[in-house]
């Protein structure tokens, strides 16, 4: 009816608006992955509809391939309110096709769940989340239950190990390796820790990872040193979960007495933070997309840091984030810009008595900015 159509349209518009805002926030907070070797992306291996899907008149939702994945496909079907006989029949069909059952839950209405595998491929059958808004439910048939089928053909261990090896062979920077730290194989993880120990990092998460590594080896002094570095570089991220992870690890290192993680001006200088003085100054430097510009001030309010990061462009639009920290306080501003013909972007920031004027000029390689920072 028209009433349902109007309601559905309004719900859809509100959902789209909320999702768009949330995606914009996440895009600024979590920059896109760097360019990776083609071996990281699986060739598409098509999967045909299983016999039971044809019997259930299931609809294929979508199918794709991507990072460490040859195929990921979803279908949707409906059953009667007692689906157990049909689910048992599905299990028998798949077992006959040499699929092995990992998990089978057929007793709870909302927790019906099947998990099977055959070689590297996996198959799940489950009910959608109860709280999820489904516009199709406005005209849903009564006395039926919805089910989702999820097929996945990920990389084999050998394929994943070979792809990750490409990063080490290319001497990829630590920030490129960091997102894959949970995918490394034992020898690769050892090499990654060795790189962390001898290579200065710009990500606080790299030092947090190294601190956890030392803590697990009961090397308390080394763990504390790396944790201090993580706290110093936390100025480059607008992330409350990082603070809680630092606090949690500090308690593990010293469970009986609270650690005093005091970051000093010397540590900021060691990391290349530009030091702001009372006199007007001008700094110039070059930075790649996603690489922060870091400054600090040791003033009347104690140590204060400023961090500007311009992320890689998306369709000609450059997201940026400015973070100011003082003690345990933090404020952040996010926005985006497009470059005019002259390839310059300028923005002024004011914090109490301090004004910072940033001018960013895109360099000819199209991958870096030259920054000019003036303090007033």
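The values are calculated or read from the model by the stated rules, or taken from the named source; none is laboratory data. Quick caveat: nothing in here was measured; it's all calculated off a predicted structure. Glycine also receives a Cβ, built like all others from the backbone with ideal geometry; neighbour counts cover every protein chain displayed.
Taking region 342-359, which residues are more than 30 Å from residue 326 (Cβ to Cβ) and loosely packed, with under 11 Cβ neighbours inside 10 Å?
If the condition is that a residue be more than 30 Å from residue 326 (Cβ to Cβ) and loosely packed, with under 11 Cβ neighbours inside 10 Å, then 342 is the only one that fits.
I'd like the residue in region 33-75 that is within 29 Å of the chain's Cα centre (by Cα) and in a helix (DSSP H, G or I) and, out of all such residues, is surrounded by the most Cβ atoms within 10 Å (Cβ to Cβ).
Checked region 33-75; the qualifying residue surrounded by the most Cβ atoms within 10 Å (Cβ to Cβ) is 40.
Just checking, which of 123, 145, 138 is at pLDDT below 95 and surrounded by 16 or more Cβ atoms within 10 Å (Cβ to Cβ)?
None of the other options fit; the residue is 145.
If I filter region 314-323 for residues that are over 27 Å from residue 174 (Cα atoms), within 26 Å of the chain's Cα centre (by Cα) and modelled with pLDDT of 90 or more, do I get at least one hit?
No: region 314-323 contains no residue that is over 27 Å from residue 174 (Cα atoms), within 26 Å of the chain's Cα centre (by Cα) and modelled with pLDDT of 90 or more.
Without any contact (Cβ under 8 Å) to a residue 24 or more places away in the chain, surrounded by 15 or more Cβ atoms within 10 Å (Cβ to Cβ), in contact with a strand residue (DSSP E or B) (Cβ under 7 Å, 6 or more places away or on another chain) and at negative phi: which single residue out of 274, 339 fits that description? Working first, answer last.
On the way: 274 fails: without any contact (Cβ under 8 Å) to a residue 24 or more places away in the chain.
Going through 274, 339 in turn, just one is without any contact (Cβ under 8 Å) to a residue 24 or more places away in the chain, surrounded by 15 or more Cβ atoms within 10 Å (Cβ to Cβ), in contact with a strand residue (DSSP E or B) (Cβ under 7 Å, 6 or more places away or on another chain) and at negative phi: 339.
More than 24 Å from the chain's Cα centre (by Cα), at pLDDT 90 or above, in a helix (DSSP H, G or I) and within 27 Å of residue 45 (Cα to Cα): which single residue out of 158, 162 fits that description?
On inspection, the qualifying residue turns out to be 158.
Of all the residues that make up region 257-313, how many are closer than 19 Å to residue 366 by Cα, in a strand (DSSP E or B) and at pLDDT below 90?
1
Have a look at 238, 243 and point out the one that is under 27 Å from residue 300 (Cβ atoms) and either surrounded by fewer than 18 Cβ atoms within 10 Å (Cβ to Cβ) or modelled with pLDDT of 90 or more (or both). Write out each step before concluding.
Details: 238 fails: either surrounded by fewer than 18 Cβ atoms within 10 Å (Cβ to Cβ) or modelled with pLDDT of 90 or more (or both).
Unique residue meeting the criteria: 243.
Being closer than 23 Å to residue 173 by Cα, surrounded by 11 or more Cβ atoms within 10 Å (Cβ to Cβ) and out of contact with any strand residue (DSSP E or B) (no Cβ under 9 Å at 6 or more places or on another chain) narrows it down to one of 267, 362, 294, so name that one.
Every option except 267 fails the conditions.
Could you grab the pairs with beta carbons closer than 6 Å, sequence gap of 6+ or different chains, first residue in region 180-195 and under 13 Å from residue 162 (Cβ atoms), second one surrounded by fewer than 18 Cβ atoms within 10 Å (Cβ to Cβ)?
The qualifying pairs are 185/161.
Just give me the residues in region 177-204 being at pLDDT below 85 and in a helix (DSSP H, G or I), in sequence order.
178, 196, 197, 198 - these are the residues of region 177-204 that are at pLDDT below 85 and in a helix (DSSP H, G or I).
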